[in-house]
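These notes concern the structure reproduced below.
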Amino acid sequence: MNRRGGAFDQGLRALPRTVWILGLISLLNDSASELVYPLVPLYLTAVLGAGPRALGVIEGIAEAVGSLFKLVSGVLSDRTRSTKPWVVTGYGAAAAARPLLALAGTWPVVLVLRFVDRLGKGVRTAPRDALLSLSTGAHQRGLAFGLHRAMDNAGAVIGPLLAAALLAGHFPVREVFLWAAVPGALTVALALSLREPDRPEAVATQTFRWSLKGLPPSFGRYLLAVGLFTLGNSSNMFLLLRARDMGLAEFQVPLLWAATSATAAVLSTPLSALSDRVGRIRLIAGGWLIYALFYLLMGLDSTSTTLLWPLFAVYGLSMAATEGAERALVADLVPAWAAGRGYGWFNLVAGITLLPASLVFGGLWEWAGPATAFGFGAGCALVATALLAAWVRAPDTSGESA
């Protein structure tokens, strides 16, 4: 046990500077994002008078349109052999949009600002993931992406805790949104300090494309499984709205999300590092099964507010097992010269499917009740898990050394 712990610590110390800076950027960015994120459903319903359908429209359109830019920025970062400008621009757009929610007087204004926020995410995500993969070896991809997701989720703990503290101090929701400007500015400053990695040249036969042509067939099959899973993975705001409907106190809603993110933050690094040894697909499939169980239980009317806390911790476990491993698997399947395109397609599929996912989920909730909506999400996860296990074959990277 000590030997494994020592090897784990050595692996963390061996990670490049870029991995740690990107992790710190994500920590600060998610502190700002999650300061705002849990309060948007409350703001829409209690202040602006909108319902689940408006929430579905806002989140679906913002995520889906922003996802289109994940492919654009990914392919163009391959062509220009440059990732930093995309990362800086993406984080800058999000940092500017979040505090402006305090000025929104109608839900269409919230839609515009959420769109700008998600557009920034779309611009930065694929180049950032490519930057992470190009800065690490195959033997440490799981660890690197796991550390990044852990720090991202640590920020998702800090943000809701700060939101809860401000609400407990009787700050209006509009003023809470303004606090997002501070970590947002620090995020942009750190992004400016990043350095471009060395990346392999594409040979003459490896032309730049927008399509999947030239990429391994296993990657296309992986995208199909991811797309089906995401179809049942609507915005997490529905989870917070469900918790509120079950009777959870308003000030406890951000605390509940903080507990979820804390679980993911603690477990993301060791679980993603485990994928370097046991394989990405096994870990992802296990996480998707846990997700399906969580959604089934969330749909039950008999679920009490006391059970919400361990349930959301289980959801954090699902996040920890999948978020880093899913991204590391992309690097295993796609050649390094097309890393931006590979991550562009991965993030595009995962993001664009959120439009029908959120619209369908919101519609099912209003027309048939939350049990049907959550049952649909669980069913998609189960079928996607079966497809992942049956269709996708990844190369074995567990024996590779630095």
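The values are calculated or read from the model by the stated rules, or taken from the named source; none is laboratory data. Predicted model only: the values in this text are computed from it and were never measured. Please note: Cβ atoms are built from the backbone with ideal geometry, for glycine as well, and neighbour counts cover all protein chains shown.
I'd like the residue in region 77-87 that is surrounded by fewer than 21 Cβ atoms within 10 Å (Cβ to Cβ) and in contact (Cβ under 8 Å) with a residue 12 or more places away in the chain and, out of all such residues, is nearest to Pro38 (Cα to Cα).
At the first step, the residues of region 77-87 found to be surrounded by fewer than 21 Cβ atoms within 10 Å (Cβ to Cβ) are 79-82, 84-85.
Now narrow it down to the ones that are in contact (Cβ under 8 Å) with a residue 12 or more places away in the chain: 79, 81-82, 84.
Working: Arg79: 37, Arg81: 37, Ser82: 34, Lys84: 29 Å.
Ranking the qualifying residues of region 77-87, first place goes to Lys84.
From Phe229, Phe251, which residue is assigned to a helix (DSSP H, G or I) and either modelled with pLDDT of 80 or more or not hydrophobic (A, V, I, L, M, F, W, C) (or both)? Spell out the reasoning first.
Working: Phe251 fails: either modelled with pLDDT of 80 or more or not hydrophobic (A, V, I, L, M, F, W, C) (or both).
Criteria check complete, one pass: Phe229.
From Leu111, Leu186, grab the single residue that is under 23 Å from Ser358 (Cα atoms) and surrounded by fewer than 20 Cβ atoms within 10 Å (Cβ to Cβ). Explain how you work it out, then say what you get.
Numbers: Leu186 fails: under 23 Å from Ser358 (Cα atoms).
Within the list Leu111, Leu186, the selection yields Leu111.
Hey, can you tell me all the residues within region 200-224 that are farther than 28 Å from Asp117 by Cα, in a loop (DSSP other than H, G, I, E, B) and either within 25 Å of the chain's Cα centre (by Cα) or at pLDDT 90 or above (or both)? Walk me through it before giving the result.
First, pick out the residues of region 200-224 that are farther than 28 Å from Asp117 by Cα: 200-208, 213-221.
In the following step, the residues that additionally are in a loop (DSSP other than H, G, I, E, B) were identified as 200-208, 213-216.
Listed by number, the residues that qualify are Leu215, Pro216.
Any idea which residue in region 356-370 is modelled with the lowest pLDDT, counting only those that are surrounded by 24 or more Cβ atoms within 10 Å (Cβ to Cβ) and more than 18 Å from the chain's Cα centre (by Cα)?
Gly362
Report, by residue number, each residue of region 243-265 that is aliphatic (A, V, I, L, M) and under 16 Å from the mean Cα position of the chain (by Cα). Spell out the reasoning first.
Filtering region 243-265 for residues aliphatic (A, V, I, L, M) gives 243, 246, 248-249, 253, 255-256, 258-259, 262, 264-265.
Within region 243-265, Ala258, Ala262, Ala264, Ala265 meet the criteria.
Could you please find all residues in region 254-288 being touching a Leu at 6+ places or on another chain (Cβ under 8 Å) and small (Gly, Ala, Ser)?
Taking region 254-288 as the starting set, the residues that turn out to be touching a Leu at 6+ places or on another chain (Cβ under 8 Å) are 254-258, 263-264, 267-269, 271-276, 280-281, 283-285, 287-288.
If the condition is that a residue be touching a Leu at 6+ places or on another chain (Cβ under 8 Å) and small (Gly, Ala, Ser), then Ala258, Ala264, Ser268, Ser272, Ala273, Ser275, Ala285, Gly287 are the ones that fit.
Rundown of residues vs (1) free of Cβ contacts under 8 Å to residues at least 40 places away in the same chain; (2) closer than 23 Å to Leu359 by Cα, yes/no style:
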{"residue": "Ser234", "(1), (2)": "no, yes"}
{"residue": "Trp257", "(1), (2)": "no, yes"}
{"residue": "Thr260", "(1), (2)": "no, no"}
{"residue": "Val266", "(1), (2)": "no, no"}
{"residue": "Pro270", "(1), (2)": "no, no"}
{"residue": "Arg277", "(1), (2)": "no, no"}
{"residue": "Arg282", "(1), (2)": "yes, no"}
{"residue": "Trp288", "(1), (2)": "no, yes"}
{"residue": "Tyr295", "(1), (2)": "no, yes"}
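Of all residues in region 269-286, how many are basic (Lys, Arg) and either within 11 Å of Ala320 (Cβ to Cβ) or crowded, with 24+ Cβ neighbours inside 10 Å (or both)?
Step one: of region 269-286, the residues basic (Lys, Arg) are 277, 280, 282.
Then keep just the ones that are either within 11 Å of Ala320 (Cβ to Cβ) or crowded, with 24+ Cβ neighbours inside 10 Å (or both); that gives 280.
Of the residues in region 269-286, 1 are basic (Lys, Arg) and either within 11 Å of Ala320 (Cβ to Cβ) or crowded, with 24+ Cβ neighbours inside 10 Å (or both).
Filter region 312-359 for residues that are β-branched (Val, Ile, Thr), more than 22 Å from Leu131 (Cβ to Cβ) and in a helix (DSSP H, G or I) and give the result. It would help to see each step written out before you state the result.
Taking region 312-359 first, the residues β-branched (Val, Ile, Thr) are 314, 322, 330, 334, 349, 352-353.
Next, only the ones that are more than 22 Å from Leu131 (Cβ to Cβ) stay: 314, 352-353.
The answer is Val314, Ile352.
Right, Ala164: farther than 19 Å from Gly279 by Cα, among the aliphatic types (A, V, I, L, M) and surrounded by fewer than 24 Cβ atoms within 10 Å (Cβ to Cβ) or not?
Working: farther than 19 Å from Gly279 by Cα: yes; among the aliphatic types (A, V, I, L, M): yes; surrounded by fewer than 24 Cβ atoms within 10 Å (Cβ to Cβ): yes.
For Ala164, the condition - farther than 19 Å from Gly279 by Cα, among the aliphatic types (A, V, I, L, M) and surrounded by fewer than 24 Cβ atoms within 10 Å (Cβ to Cβ) - is met.
Let's see how each residue does on (1) charged (D, E, K, R); (2) surrounded by 23 or more Cβ atoms within 10 Å (Cβ to Cβ); (3) modelled with pLDDT of 90 or more:
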{"residue": "Leu329", "(1), (2), (3)": "no, yes, yes"}
{"residue": "Gly344", "(1), (2), (3)": "no, yes, no"}
{"residue": "Leu348", "(1), (2), (3)": "no, yes, no"}
{"residue": "Leu354", "(1), (2), (3)": "no, yes, no"}
{"residue": "Thr372", "(1), (2), (3)": "no, no, yes"}
{"residue": "Val383", "(1), (2), (3)": "no, no, yes"}
{"residue": "Trp391", "(1), (2), (3)": "no, no, no"}
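Would you please name the residue that is modelled with the highest pLDDT, looking only at residues in region 63-84 that are more than 21 Å from the chain's Cα centre (by Cα) and of a type outside the set (S, T, N, Q)? Step through it out loud before you land on a result.
In the first step, residues of region 63-84 are kept if they are more than 21 Å from the chain's Cα centre (by Cα); the result is 76, 78-82.
Retained after the next criterion (residues that are of a type outside the set (S, T, N, Q)): 76, 78-79, 81.
Values: Leu76: 87, Asp78: 84, Arg79: 83, Arg81: 83.
Per the stated criteria, the residue is Leu76.
Please indicate, with yes or no, whether at least one residue in region 29-52 is crowded, with 18+ Cβ neighbours inside 10 Å, touching a Phe, Trp or Tyr at 6+ places or on another chain (Cβ under 7 Å), modelled with pLDDT of 70 or more and among the polar types (S, T, N, Q).
Scanning region 29-52, I find at least one residue that is crowded, with 18+ Cβ neighbours inside 10 Å, touching a Phe, Trp or Tyr at 6+ places or on another chain (Cβ under 7 Å), modelled with pLDDT of 70 or more and among the polar types (S, T, N, Q), so the answer is yes.
Give me the pairs: first residue in region 215-231 and within 13 Å of Leu348 (Cβ to Cβ), second residue of a type in the set (S, T, N, Q) and crowded, with 17+ Cβ neighbours inside 10 Å, beta-carbon distance under 7 Å, and six or more apart or on different chains, which are they?
Partner pairs satisfying both residue conditions: Gly227/Thr353; Thr230/Thr353.
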